[in-house]
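All remarks here apply to the structure that follows.
No lab work stands behind these numbers, since they all come straight from the coordinates. None of the values given here were measured: they were computed from a predicted structure. FYI the Cβ positions are ideal-geometry reconstructions off the backbone, even for glycines, and counts take in every protein chain you see.
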Amino acid sequence: MTSFTDSLIELLGGLAWVPENAAGIIFVTVSVLVALPVFLFMTLNAMVAVYMERKVSAFMQDRLGPMEVGIFGFKGGKRFWGGIGQTVADAVKLLGKEDTIPGEADRALFIIGPFILFGAAFATFIGIPIGYGLVISDFNIGIFFVIAISSIGVIGVILAGWASNNKWSLYGAMRSAAQMISYELPVGMSLLLVVMVVGSLQFHDIVMWQEQHRWFLFHSPFTALAFLIFFASGVAEVNRTPFDIPEAESELVAGYMTEYSGFRWSIFFLSEYANMAIIALMSAIIFLGGWLSPLGGLFRTFNLEQSWYFLEGPWWGVFWISIKAIALIFVMMWVRWTWPRLRPDQLMYVAWKVFIPFALANIFFVGIWELLLG
Amino acid sequence: MSGYFRNIGETFTSLWDGMRVTWGHFSNKERLNATLQYPHEKWPIPERHIGFVEKDYNVIRSRLHVDIDDCIGCLQCERACPVDCIKIETIKVPKDVELGSTPGSSQTSTTSNGTNKRLLVGRFTIDMAECCYCNLCVYPCPEECIYMVGGPNMDKHPIDYEFAVRDRNGLVYEFDTATDEEVTQIAQLAGVADHRAQRTERLEQMRQAVLAPVPAAEAVTNGEEPVAAPPVAKPKKVITEPKMDLAVLGAIGDRVTRGLAKKAAMKAVRAGRTSTEVAEQVKAALEEGGKLTPEVADIVAGLAKIDIQQPGGAEEVAVAEAGVEEVAGADTEAEAKRAAPEPVADADATPKKETAPAASGDGGKGKVDLTILNGIGDRLARGKAKAILSKVTRQGGTPKDAAEQIRTALTELGKLDDEVEAILARLEG
Amino acid sequence: MGAFAFNLVAILVVVTAFWVVTAKNLVHSAVALMGTLFGVAGLYVFLYADFLAAVQVVIYVGGILVLIIFGVMLTQKIATAVVVQSSMPNRFLAGVVVFFLFIGLSSLMFRTPWHRGELVETTGTVATIGTSLLTRYLLHFEVASILLLVALLGAAYLSRREHG
């Protein structure tokens, strides 16, 4: 099992012109080279996802969404998919905006806040594979690493809300923190049952298990339920509708983001969409067979050994995982533009009285299932 | 406990219902899409609710349009416009030249009604940003070539869909089709040395008119001059042919008779006759037309008393007013300088016109200067005084008579004080 | 390369720990504490205790630190109050105590015969930890969970508003 980082270190260490004992140089170089694709991925993801979000919401509301802005004169399709340059234009506008800091704000924390959130999202990507061996760094504790790092984000949110010195921001931050901490539990518990079945925390092992057996979604009714709980809690952790009470435009303006503008606000935005992608990718890897082809099982029954026939292989893997992740992101958007926002007490009710008991029961039943049928 | 599970079950079913609805919209976007991509596509022009009958026609949704090929440059619409949003410039085409005769000309020689066009319309612009949609310019047009688009005029010009422009200047619609070359050519033929200079001069005059102080409200217009003259600062016209005040003839009741009489009188005046000769010729003409009644004969005889202004003199065309004497005086000086080679002519022309009792019942057009009475402070007294003054003047009374009558009337009212007395004394003087 | 990364993490821990102590604002201290806790998690990684590192992040950074910040933020006066550290006698006393503590710790560090084992690369500690927790240390594990349960129930009882 190799990872991007390992390969890079090996490559740099083996080069003749790299001096001996230049650990520092290699460290810095590798860090930069590793960070760059992650950052590019996050940016690209945000741009595409924003465009998609606008289009999906528009279509669900019988509108057209952005239709005018193009890139290099190319607007995209004529009838529905025009305006592909809209998010680029928006990003440029956003970066050109004045970056304001409220006079009464806590300057240091106000500045640090978004970067903690961003850092959490950024670091999470390091552990998530997007294909066989296509991972920045392969951890033994893969899933656990992702959960651990993503739990840091909440600090950024709280700090941003508190440092803004604005009551709406503080409300938003408190709600957000309560929500994120509450929903971490169902997320962890639904993942626990997968870990229990596979016996490993590594993403690769989980996908291998699914390759040898079946997708976790179809493992048992309980894992299907666990998938639902995981996905819903994930949506809640990303603070998206119907769980978006921390932002709640209609009551809290924009929650903890109220006082932010320009570049710092775009950092929040970037992190939010990155978190969306993280949830979608994790769901795809853990419950939907990751980079496995959905046709794989079908063709294998006919003893077609040529992997080409059922579209498997490293690059097809990237394709399949992207398809699954995009489908899940689409579901998130679909949900967002369908359901109204929950009340805070309803939100807590759902987490503590529905998701957590069911997730606990799931663990128990999956254990029995494995004992009897496994 | 069963409530708990029912709650969860209901949650799922209602959520599913909601998502089915949005999916229905998402997948039927082509059919359900409500957005019209406005600049690229437009709704069809609404054919109803604009009104096809004149009385229903809501011109506010419309705009003015001119079929410039039918325009004879009569300036009627420009004069009718209360906000001066129509601007027309014309050049008289010489008699021996036919409009549109040159190859490649954009002009036509006749309108669609068959009227000969004797004027080249070098400029015809309508500023729709200024237009007040009063529709007043539409009625005087003899060729019916200016109209509000759409509605009853749908077959001439469809209604403008959005009537939107990117720049305010875009609302100035230019209808003239004459090219610069054509204008220059016609101007040369017409003997106008430099039509551009002429236009510049006119624009300058208009600018002056805007800058000049506006006179008091009761402006009494000269009977001869058409309405649209700017209130002040119109330059003195150098008279090139003999002229006569034919306002007397306005008393003739019958329209045809009046027309005949005026025509004959003009002809005679141009021919250089004296007043008496003019009166005789008019009489002869009327006799010929079988319109001479004793009544008319009396009126025509009045012509013999009127002076004919000979060429070379300058005539005060604009209204100068005694009440604003200072201003008017200043203006006159300025105009005199501007006006011309000739020194300012008969200085008594103006007072004569104003104070002389305009001969006969001129339909309220007698020249009465009421502004002198503006100094009266009491509103009631002022109104009464003005009413009496104008009445007396119309009946041919002198200011003295008027002052007498005003005095009696105001005494009755108990409004006669020293102030009023002083003003009346001025009126008498 | 390991040494380089270790130095970075060590510097992070020391600097942020210093900030925790010197910061005048409690929320700033809490933020600095995050760096410290993170650094400690990094140190665990160098000890091949990856699971422990993740636990450190989840529990200390994601849980306890958030609780601290919450407590500080919601306690109205504390967040804005400047912690007084300027009283002379206090400073003097603290200086004396810290000095002797420093002497004691250093002497301890230099006198201890550190056992240097050879570097063994392990592959994952998760399985070992799991097995130990559910076999050899089962009693401790269960006692700890009962303790936490009791704490949970107690908190719920205290925060619940009884009527009548």
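With respect to the cross-link table entries B:K42/B:K156; B:K95/B:K117; B:K92/B:K117; B:K262/B:K305; B:K283/B:K305; B:K384/B:K415, which display a Cα-Cα separation exceeding 18 Å?
B:K42/B:K156
At 27 angstrom or more along the helix axis (alpha-carbon based) and mean Kyte-Doolittle of 0.5 or higher, what helices does chain A contain? Whole DSSP H runs only.
A:23-60, A:107-126, A:167-198, A:262-287, A:314-336
Taking 0.36 nm per residue of sequence separation and subtracting the Cα-Cα distance, how much length would be gained by fully extending the chain between B:T274 and B:R202, in nm to one decimal?
The B:T274-B:R202 span can extend by a further 22.5 nm.
Which FRET efficiency, nearest 0.05, do C:N7 and C:A94 yield, Cβ-Cβ r, R0 41 Å?
0.90
Taking 41 Å as R0, compute the FRET efficiency from the Cβ-Cβ separation of A:E68 and B:M1 and round it to 0.05.
Calculated value: 0.15.
Between the stretch B:1-43 and the stretch B:119-191, what's the alpha-carbon centroid distance in Å?
Distance between centres, Cα-based: 52 Å.
Top mean-square fluctuation among C:T36, C:T16, C:T135, Gaussian network model of chain C, C-alpha springs under 10 Å?
C:T135
Could you identify which residue out of C:L138, C:L74, C:L152 has the top mean-square fluctuation in a GNM of chain C using Cα springs shorter than 10 Å?
Fluctuation is largest for C:L152.
Just list whichever of A:K55/A:K93; A:K324/B:K29; B:K263/B:K386; A:K167/C:K24; B:K87/B:K267 have alpha carbons separated by over 25 Å in the model shown.
B:K263/B:K386; B:K87/B:K267
Quick one: if the Förster radius is 60 Å, what FRET efficiency do B:K267 and B:Y38 give, using the C-beta to C-beta distance and rounding to 0.05?
0.45
Just to be sure I understand: with springs between alpha-carbon atoms less than 10 Å apart, which residue in A:A35, A:A236, A:A163 has the highest mean-square fluctuation in the Gaussian network model of chain A?
For chain A, modelled as a Gaussian network with Cα springs under 10 Å, the answer is A:A35.
Report the charge-dipole magnitude of the stretch A:94-373 in Debye, nearest 20, computed about the Cα centre from +1 at each Lys and Arg Cβ and -1 at each Asp and Glu Cβ.
Dipole size: approximately 360 debye.
What distance in nm separates the two pseudo spin-label positions at A:S31 and C:L67, each 7 Å out from Cα along the beta-carbon direction?
Placing both labels 7 Å along Cα→Cβ, they lie 3.2 nm apart.
Please give the length that would be gained between B:N374 and B:T179 if that part of the chain were fully extended, namely 0.36 nm times their separation in residues minus their C-alpha to C-alpha distance (nm, one decimal).
Roughly 65.0 nm would be gained on extension.
Can you give me the distance in nm between label points at A:L15 and C:L158, each placed 7 Å from the Cα along the Cα-to-Cβ direction?
In this crude label model, A:L15 to C:L158 measures out at 5.8 nm.
Is the shape of chain A best called rounded, prolate or oblate, per the rule: a/c under 1.5 gives rounded, else a/b larger than b/c gives prolate, else oblate, with a ≥ b ≥ c the square roots of the Cα gyration tensor eigenvalues?
In terms of gyration-tensor shape, rounded.
Select from chain C the helices, each a whole stretch of DSSP H, whose alpha-carbon atoms run 24 Å or more along the helix axis and whose Kyte-Doolittle mean is at least 1.0; answer none if there are none.
Correct list, ordered by number: C:2-22, C:26-46, C:88-111, C:138-159.
Return the distance in nm (one decimal) between the two label points of a simple spin-label model at B:R31 and B:E295, each offset 7 Å from Cα along Cα→Cβ.
8.1
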